[in-house]
Amino acid sequence: MLIETEPTPNPATLKFLPGRTVMDAGTRDFATPEEAAASPLAQALFDLGDVTGVFFGRDFVSVTAAPGVAWRDLKPDVLALLVDHFAAAMPLFRAHAGFSVPSAAAVFTDDPADADIVEQIKELIDTRVRPAVANDGGDIVYRGFDKGKVFLQLQGACSGCPSSSATLKQGIEQLLRHYVPEVTEVRAV
């Protein structure tokens, strides 16, 4: 089995492409070993000791190395785990694993009066932003809209990326403000 790798804008994160579907629908971000307990693969990656983040996309796995860890040392171990997992067709999640939002992620209750605005924002994120962010090994999740401010959560390679604030301000914020005049600011949560 051949697994391709791609760099991401985040130098601490590599994107691994196993040549098959990883997630049938949605994405899943693991920022701690405790969250990774829901997935045998994510847990095995965290158990390497030098991994601080795992992200499952549709056809890729992004892995974030701990500060000071060289990818030349970590990459062979990650590749071996991924090959073993996918070659054996092991399940991605444990049977009892739920898909709840991590408690650290702020989620806002949108004002029903803003329903049309929120729908426009979500549509732009899904059609214009998410595909680009997925190409970089991550995802972006809508978390809320309040008085002109859009709250988004960056996941995978995008979380902690040095260019993430530029992406939010010069990219996503400008796009949303152009198409949705009610948007005044974009913030990461």
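The values are calculated or read from the model by the stated rules, or taken from the named source; none is laboratory data. Quick caveat: nothing in here was measured; it's all calculated off a predicted structure. Backbone-built Cβ (ideal geometry, glycine too); neighbour counts: all protein chains shown.
Is it true that Gln120 is farther than 19 Å from Val63 by Cβ, polar (S, T, N, Q), in contact (Cβ under 8 Å) with a residue 24 or more places away in the chain and outside the structural domain of Ala66 (by TED's automatic domain parsing)? Here the answer is yes, as Gln120 does meet what is asked. Tallying residues that are modelled with pLDDT of 90 or more and either of a type in the set (Gly, Ala, Ser) or within 16 Å of Leu168 (Cα to Cα) (or both) within the range 100-125 yields 6. For the range 148-167, the criterion of a residue being touching a residue at least 12 places away in the same chain (Cβ under 8 Å), surrounded by fewer than 18 Cβ atoms within 10 Å (Cβ to Cβ), part of a helix (DSSP H, G or I) and not assigned by TED's automatic domain parsing to the domain that holds Val54 is satisfied by at least one position.
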